[in-house]
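As structure tokens, the structure follows; a few thoughts come after it.
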Ligand SMILES: Nc1ncnc2c1ncn2[C@@H]1O[C@H](COP(=O)(O)OP(=O)(O)O)[C@@H](O)[C@H]1O
Ligand SMILES: [Mg+2]
């Protein structure tokens, strides 16, 4: 099986490629900066250095927030033919802290209270009622650089004025007291493959290693593992690092990192993280390939039964039930359609008609 890693060529990516070479027949390293996505009336094309990308069984695409859009575009196109650990929408959601918190909230992942205001006056109202200290965060900050600490209303108020003048969007978040420590959990699918604790430098609130944070080993309990896997699922990322603050309210997720550095966590956990990632990628690619072959046969059977069913397409006369603006269909419809929770579908809608089709 052939694989490719599309990345910015960091040391962590190099380690991952070396580990993947132990499993895949070949692993190509492709520079994300050389990628171009062409869209038009024909099917979309992904080019690397101007040439259409070869076919791969597995593509591991990653990069920083600056590349979120192109990562989404290229994975949307290539995800139809190759296994990919990170879904296209994850890149635009995961690289935006506001969208991340919305996704976490949707999946009921515990997180610090986080506020968003429509106007600067709205922001001031939040500052008047919130407890101090607080944190301001830029939606696309990384490495701790977009995280600002405000000890008091006066400090927060002047920060808010500055951010507003710069037309810089921001989030306001309750400050979680952890003595400058945070937890990083590396998730692969349903499992935690490594974890570590980071401790901020003296006088610093942010525990990021780029800002001098020291790493040490850490073993998460079952609950912390469970919320980390849930956070990864919320983001549609089966390989990612989840940042957690453990304060008096228990573990709270602050970030899901789609392209975590491997050095610190390898040292702190003693786990050869790159090997675990490569094993996971290989297992999943193989699973998808086997499923693909099986699916081929089952698609034919399904097609036969679909044709048979078409002749007796069932009609149900029912009264529509609309609750809170949402249409609730009778259970029998779910049963006959065989559409499952979480399955991907296309919904075609016009006045007086809805067609839902499984992708
Ligand atoms: N609400 C918070 N309370 C206390 N510390 C925080 C909070 N949010 C972030 N931090 C500190 O700042 C660091 C960076 O925040 P994070 O949200 O992970 O952004 P980044 O993408 O910059 O790493 C965290 O690892 C943690 O040490
Ligand atoms: Mg972080």
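The numbers here are math on the coordinates, done by the rules we state, and not lab data. Note that the structure is a prediction, hence the values are computed from the model and not measured. With ideal geometry, Cβ positions are generated from the backbone for all residues, glycine too; neighbour counts draw on all protein chains shown.
Figures for the structure shown
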{"item": "Angle in degrees between helix 273-311 and the longest Cα principal axis of the chain, rounded to the nearest 10", "result": "30 degrees"}
{"item": "Computed [θ] at 222 nm, deg cm²/dmol, the chain (DSSP H ≥ 4; -39,500 (n - 2.57); rounded to nearest 500)", "result": "-11500 deg cm²/dmol"}
{"item": "Residue 347 paired with residue 210, simple spin-label distance in nm, labels 7 Å along Cα-to-beta-carbon", "result": "3.8 nm"}
{"item": "On Cα atoms only, tilt of 68-78 relative to the major axis of the chain in degrees", "result": "20 degrees"}
{"item": "Chain lengthening between residue 162 and residue 45 when straightened (0.36 nm per residue, less Cα-Cα)", "result": "37.9 nm"}
{"item": "Relative exposure of 107, 170, judged by other C-beta atoms within 10 Å (fewest first)", "result": "107, 170"}
{"item": "Residue order, fewest to most surrounding Cβ atoms within 10 angstrom, among 175, 67", "result": "175, 67"}
{"item": "Gained length - residue 153 relative to residue 129, 0.36 nm times residue gap less alpha-carbon distance", "result": "7.7 nm"}
{"item": "Neighbour-count ranking [beta-carbon atoms within 10 angstrom, fewest first] of 52, 267, 174", "result": "52, 267, 174"}
{"item": "Cβ crowding within 10 Å averaged over residues, with 342-354, 125-137 ranked highest first", "result": "125-137, 342-354"}
{"item": "Degrees, to the nearest 10: 222-235 long Cα axis against longest axis of the chain", "result": "60 degrees"}
{"item": "Inter-probe distance in nm under a simple model that places probes 7 Å from Cα toward Cβ, at residue 287 and residue 319", "result": "4.5 nm"}
